[in-house]
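Peer 1: Sending over a structure as structure tokens; questions will come in a sec.
The values are calculated or read from the model by the stated rules, or taken from the named source; none is laboratory data. All values derive from a computational prediction rather than experimental measurement. Backbone-built Cβ (ideal geometry, glycine too); neighbour counts: all protein chains shown. All accessible areas refer to the heavy atoms of the entire protein, side chains included, with ligands and DNA or RNA removed. Shrake-Rupley method; radii C 1.70, N 1.55, O 1.52, S 1.80 Å.
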Amino acid sequence: MRQDVDTVTPLTDEELYRFLKAPDRQQWAQWRDAIIMTLILDTGLRLNEICALEKPEIDFVRKLIVLPAAKNKNRKSRVLPLSTETARLLKQLITESEQHFETTYVFTTNYGEQLSEKTIQKAFDKYAEKAKLGRNVSPHVLRHNFATMAAENGMSIFHLQKIMGHADIATTRKYVQISEESITDEHRKHSPLARIMKREGMR
């Protein structure tokens with residue numbers, strides 16, 4: 001018998017905006033957390049990959065993160081493009097932390113130790129509560145947001161599969177939860193009937 005597939009519901013644009021505004025960027029730890037949010041939304045990185053991310057894996061010249069095969073779930077190396085803004089924030093964070101700590105890790109605690117998954121999840125729970133979202137928000141939810149929003153913006157499923165590090169494209173499809181608003185908008189733009197009526201001047 002076929003079973004329904006459990007899916008994670010991404011945040012709406014409004015929820016996402018409130019969540020991203022929740023960290024107080026005047027405090028170093030919360031500024032770091034805001035950069036983590038930005039990084040997930042820009043690259044779709046997994047939580048364990050963020051905690052294990054090291055400085056040599058970031059190519060600031062080409063604006064890429066190059067994850068070695070040993071750090072990937074499917075044991076294949078992975079290249080993740082970075083937007084200019086994300087690259088700028090990562091460079092700023094690394095420069096700041098290097099003034100106080102000697103570590104190869106990009107994301108650290110206030111004491112320069114490698115950041116744990118538990119610490120990030122606890123912080124995300126706090127921000128979700130502060131934003132009054134009425135739901136839990138994990139880094140995995142933001143990974144779903146990345147997949148869905150990238151697909152809605154026109155990224156091909158094949159490119160998305162490579163960026164997310166999925167061995168099977170069926171896994172990638174499960175991450176993409178197209179919203180009703182997006183479906184309606186796409187229908188409005190691409191409806192065959194609308195195209196014919198416009199061409200014929202029909203009402």
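Peer 1: Which condition breaks for K63 when tested against (1) open to solvent by less than 40 Å² (accessible area, probe 1.4 Å); (2) touching a residue at least 12 places away in the same chain (Cβ under 8 Å)?
Peer 2: Tallying (1) open to solvent by less than 40 Å² (accessible area, probe 1.4 Å); (2) touching a residue at least 12 places away in the same chain (Cβ under 8 Å), K63 fails exactly one: (1).
Peer 1: Separate question: Which number in (1) β-branched (V, I, T); (2) surrounded by fewer than 20 Cβ atoms within 10 Å (Cβ to Cβ); (3) assigned to a helix (DSSP H, G or I) marks the one condition that V79 misses?
Peer 2: Failed condition: (3).
Peer 1: Sort through R78, R46 and tell me the only one that's within 16 Å of H144 (Cβ to Cβ), in contact (Cβ under 8 Å) with a residue 40 or more places away in the chain and of a type in the set (K, R).
Peer 2: On inspection, the qualifying residue turns out to be R46.
Peer 1: Looking only at segment 33-55, how many residues end up being within 22 Å of F101 (Cα to Cα), in contact with a strand residue (DSSP E or B) (Cβ under 8 Å, 6 or more places away or on another chain) and of a type outside the set (A, V, I, L, M, F, W, C)?
Peer 2: Total meeting the criteria: 3.
Peer 1: On to the next question. Give segment 43-60 a look and list any residue that's assigned to a loop (DSSP other than H, G, I, E, B) and among the hydrophobic types (A, V, I, L, M, F, W, C), or say none.
Peer 2: L45, L53, F60
Peer 1: Also, I was wondering about something else. If I ask for residues that are over 19 Å from A52 (Cα atoms), of a type in the set (K, R) and at pLDDT 95 or above, which ones from segment 107-151 would you list?
Peer 2: K126, K130, K132
Peer 1: Sticking with this structure for a sec: From the set of residues in segment 16-43 that are touching a residue at least 40 places away in the same chain (Cβ under 8 Å) and of a type in the set (K, R), which is most open to solvent (accessible area, probe 1.4 Å)?
Peer 2: Among residues in segment 16-43 that are touching a residue at least 40 places away in the same chain (Cβ under 8 Å) and of a type in the set (K, R), the one most open to solvent (accessible area, probe 1.4 Å) is K21.
Peer 1: Would you mind stating whether F146 is of a type in the set (F, W, Y) and within 21 Å of R32 (Cα to Cα)?
Peer 2: Spelling it out, F146 is indeed of a type in the set (F, W, Y) and within 21 Å of R32 (Cα to Cα).
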